[in-house]
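Peer 1: So that we are looking at the same thing, I have put the structure below in structure tokens.
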Amino acid sequence: MGRIRTVTREELHKMTQHIIIGGGPAATNAVETIRSIDGGQSQITLISDEPAHSRMALPYWLAGNIPEQHTHTGDDAYFERLKVETRFGQRVASVDPAGRVVKLAGGDTLSFDNLLIATGASPVQPPISGTDLPGVQPMWSLEHTRRVLEAAAGMESPRVVLVGAGFIGFIVLNAMFKRGWTLAVVEREAQILPRMLDSDAARIVQSWLDSQGVAVHAGTSVQEISAAADGSKIVRLENGEEIAADIVIIATGIQANLDLIAGAGIETDEAILVNDQMQTNFAHVYAAGDVAQGPVKFSDRREVHAIQPTAVDHGRVAGANMAGQEVHYSGSLLMNVVDVCGLQSASFGNWDDASAEATTISNPAGRVYRKLLWTGDQLTGAIFCGRANDMGMLTDVGMVKGILQTQTPLGPWKEYLQENPFDIRRAYIAAGVAQKLVSTTLLGRPSQPRGYRFQDAQPELPANPAHAVYVGTKS
Ligand SMILES: Cc1cc2nc3c(=O)[nH]c(=O)nc-3n(C[C@H](O)[C@H](O)[C@H](O)COP(=O)(O)OP(=O)(O)OC[C@H]3O[C@@H](n4cnc5c(N)ncnc54)[C@H](O)[C@@H]3O)c2cc1C
């Protein structure tokens, strides 16, 4: 009788073929994580119809702060160093989880042991006539950014109408504000940023926009966009108003890119349902980022957060598990932080939980708003508005994020914060949040320097350990 030999981990790595679909942060973080575990042994094929890049960097290009190239997240040398076979400019047409193959739009069929679907999301097209006119478009991709810059070329202050006053729309608005363009916003709901701020905070942001010359039309929707004789556009609102525009940006929401899994038997809800290891209902098929609906903090529901930090976490957790290291994700924290033309606005966690106990500070004249939401002695949500140069505003936002991320019970520090909502640092340190943050890592191992992704460049300064200044401080 022949002896059964156990396959070593190294042999297993060598035999494994990973396919990763997507070139955004979820995909590239999965690649890096796999390589940090298997040292380059497995086969990785990355397929993306766009180059590897960060959508989050597009507004910096739009604002003129960086060139297009700086939105890219890896060059050929980077992928060669990681021993990744790349297929950029190619689309996956379908996925067969049981047969372990993906089919490309060009006809190629590739087989896999593990598959990661990190295909992100696409803007939804609202049913408004005129959205097909030139100069009317979303602002979601490299191509969209290029088109907006082309449309604005030669104009001193192009008139832009933003349709939809949500998180991404306002990030784009801020980039155009930095350019000095003439801006108007239309929001169907009664308030701006309806999925990010409560109505009191939204009122403060809206009055700030008024003071900055940005016209806000809330509580009305766009009925029609038509072409004017001079090539510009007329945006007609339901309330009868008309706004003249050179460019119209449609930012009315996004939906997960699921076309490639049609009929594949992969369970979906709003997006692909994944467990805390980023696995779908097929254990060898993973999903991450905007296309995945996964575990979240402060809820048993699975949600789509559609933000960069969640895409990075998802990608790293998926990558670790694909490389055979069992890692369980504690869930993503909903966080939206946006600079609204100079007024910082942020919300975290269950910021709209009507059943939570709330501590609120509101000074509309000073553009200051803070709301802390409590469940027992735990902070479970927060809303912030304030000028970046207001004392402590941005560090407070960072510390509140840390308290929420570590889900630290604050004990007596809850009452302290209720009485002193501007002294977050004392509670942050005393409750041990900094120590917790330093000792907790996503993959359960010390974080590693990741270097740069271009021309093998290396940082000139050694990284400082985060929060070192707070750790060890006596309470
Ligand atoms: C303008 C803008 C600003 C933003 N700013 C912020 C911010 O400040 N903070 C923040 O947290 N988030 C921000 N976001 C959101 C953030 O960029 C996304 O959450 C993040 O990009 C999601 O990463 P992902 O890897 O899941 O998907 P993506 O980055 O969308 O990458 C998916 C890739 O897969 C490709 N793909 C899709 N289908 C296929 C297929 N069938 N075959 C091959 N390739 C395919 C797509 O073309 C895309 O390149 C911003 C987004 C935009 C558009």
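What follows is calculated from the coordinates using simple rules that are stated; it is not laboratory data. Since the structure is predicted, the reported quantities are computational estimates derived from the model, not experimental observations. In this analysis, Cβ positions are derived from the backbone assuming ideal geometry, glycine residues included, and neighbour counts consider all displayed protein chains.
Peer 1: Using all Cα-Cα distances in the chain, what percent lands in each 10 angstrom bin from 0 up to the longest?
Peer 2: Spelled out per bin, shortest first, that is 4, 18, 26, 27, 18, 6, 1, 0, 0.
Peer 1: In whole Hz and in residue order, list the ³J(HN,Hα) couplings for the stretch 214-225 that follow from phi through the Karplus curve 6.51 cos²θ - 1.76 cosθ + 1.60, θ = phi - 60°; x for Gly and Pro.
Peer 2: Taking θ as phi minus 60°, the curve returns 9, 7, 10, 10, 9, x, 8, 10, 7, 8, 6, 10 Hz for the stretch 214-225.
Peer 1: While we're looking at this one, here's another question. Which percentage, to the nearest 5, of the DSSP beta bridges contained in the chain is antiparallel?
Peer 2: Working: 52 of 88 bridges.
That works out to approximately 60 percent antiparallel.
Peer 1: Restricting to DSSP H runs of at least four residues, report the calculated mean residue ellipticity at 222 nm for the chain, -39500 (n - 2.57) per run over all residues, nearest 500 deg cm²/dmol.
Peer 2: Calculated from helices alone, the mean residue ellipticity at 222 nm is -7500 deg cm²/dmol.
Peer 1: Please get the size of the charge dipole for the stretch 234-383, origin at its Cα centre, with Cβ charges of +1 on Lys and Arg and -1 on Asp and Glu, quoted in debye to the nearest 20.
Peer 2: Value, rounded to 20: 400 debye.
Peer 1: Here's another thing I want to ask about it. Pop out the ³J(HN,Hα) list for the stretch 374-383 in order, Karplus 6.51 cos²θ - 1.76 cosθ + 1.60 with θ = phi - 60°, rounded to Hz; leave Gly and Pro as x.
Peer 2: Calculated HN-Hα couplings, in order: 10, 10, x, 9, 9, 6, 10, x, 7, 10 Hz.
Peer 1: Normalised by the residues of the stretch 342-472, what does the relative contact order come to in percent, with Cα pairs under 8 Å and at least six apart? Spell out each step's value before the answer.
Peer 2: Numbers: 169 pairs, mean separation 24.3, N = 131.
The value is 19 percent.
Peer 1: Contact order normalised by length for the chain, with contacts defined as Cα pairs under 8 Å and 6 or more residues apart; what percent is it?
Peer 2: So the answer I get is 14 percent.
Peer 1: Take Asp276, Asp132 and order them by how many other Cβ atoms sit within 10 Å, fewest up front.
Peer 2: Lowest to highest Cβ neighbour count: Asp132, Asp276.
Peer 1: Lysine pairs in the chain with alpha-carbon atoms under 24 Å apart, 8 or more places apart or on different chains: how many are there?
Peer 2: So the count works out to 17.
Peer 1: Need one number: convex hull volume per residue for the stretch 136-252, Cα atoms only, in Å³.
Peer 2: Residue-normalised Cα hull volume stands at 97 Å³.
Peer 1: Nothing charged except the Cβ atoms of Lys and Arg (+1) and of Asp and Glu (-1): what's the magnitude of the dipole of the chain about its Cα centre? Round to the nearest 20 debye.
Peer 2: 1180 debye
Peer 1: Still on this structure, please answer the following. Using a 10 Å cut-off around each Cβ, can you sort Ser141, Ser345, Ser232 from fewest to most neighbouring Cβ atoms?
Peer 2: Ser232, Ser141, Ser345
Peer 1: Here's another thing I want to ask about it. Which whole-number percent is the relative contact order of the stretch 239-391 (Cα, under 8 Å, 6+ apart)?
Peer 2: On the way: 254 pairs, mean separation 22.2, N = 153.
Relative contact order, the stretch 239-391: 14 percent.
Peer 1: What does the charge count around Pro158 come to, taking other residues whose C-beta lies under 9 Å from its C-beta (Lys +1, Arg +1, Asp -1, Glu -1)? Present the calculation step by step, with values, prior to reporting the outcome.
Peer 2: Details: positive: Arg159, Arg179; negative: Glu156, Asp246.
Cβ neighbours under 9 Å give a net charge of 0.
Peer 1: Moving to a separate point now. Under a crude label model (7 Å from the Cα following the beta-carbon direction), how far is Gln90 from Ala190 in nanometres?
Peer 2: Here the answer is 5.3 nm between the modelled labels.
Peer 1: Please state the charge dipole magnitude for the stretch 136-252, taken about the Cα centre, from unit charges on C-beta atoms (+1 on K and R, -1 on D and E), reported in debye and rounded to the nearest 20.
Peer 2: Here the size comes out at about 300 debye.
Peer 1: Right, here's the next one. From the residues Asn420, Val400, Leu437, which one has its Cα farthest along the dipole of the stretch 397-437 in the positive direction, the dipole being from +1 and -1 charges on Cβ of Lys/Arg and Asp/Glu about the Cα centre?
Peer 2: Sorting the options by dipole projection puts first Leu437.
Peer 1: Right, here's the next one. At 0.36 nm per residue, and after removing the present C-alpha to C-alpha distance, how many nm does the segment from Ala77 to Ala153 gain when stretched out fully?
Peer 2: Gain on extension, Ala77 to Ala153, equals 24.0 nm.
Peer 1: Here's another thing I want to ask about it. Measure off 7 Å from each Cα along the Cα-to-Cβ vector at Ile361 and Glu238, then give the distance between these two points in nanometres to one decimal.
Peer 2: Rounded to a tenth, the inter-label distance reads 3.8 nm.
Peer 1: Moving on to the next point. Taking the inverse of the average 1/r across all pairs of different Cα atoms in the stretch 62-198, what Kirkwood radius in Å do you get? Can you show the working numbers first?
Peer 2: Values: mean 1/r = 0.0539 Å⁻¹.
After inverting the mean inverse Cα-Cα distance, the result is 18.6 Å.
Peer 1: Putting +1 on Lys and Arg Cβ atoms and -1 on Asp and Glu Cβ atoms, find which of His328, Ala227, Phe177 reaches farthest to the positive end of the dipole of the chain.
Peer 2: Positive-end residue among those listed: His328.
Peer 1: Right, next: Let me know the shape class of the stretch 49-137, please: from the alpha-carbon gyration tensor, a ≥ b ≥ c as square roots of the eigenvalues, rounded when a/c is under 1.5, otherwise prolate if a/b is greater than b/c, or oblate.
Peer 2: Working: a/c = 2.78, a/b = 1.29, b/c = 2.16.
Taking the square roots of the gyration eigenvalues as a ≥ b ≥ c, the stretch 49-137 is oblate.
Peer 1: Order these by the 10 Å Cβ neighbour count, fewest first: Cys341, Cys385.
Peer 2: Lowest to highest Cβ neighbour count: Cys341, Cys385.
Peer 1: Separate question: List, in order, the whole-Hz ³J(HN,Hα) value for each residue of the stretch 115-122 obtained from phi through the Karplus relation with A = 6.51, B = -1.76, C = 1.60 and θ = phi - 60°; use x for Gly and Pro.
Peer 2: So the J values, rounded to whole Hz, are 10, 10, 9, 10, 8, x, 9, 10.
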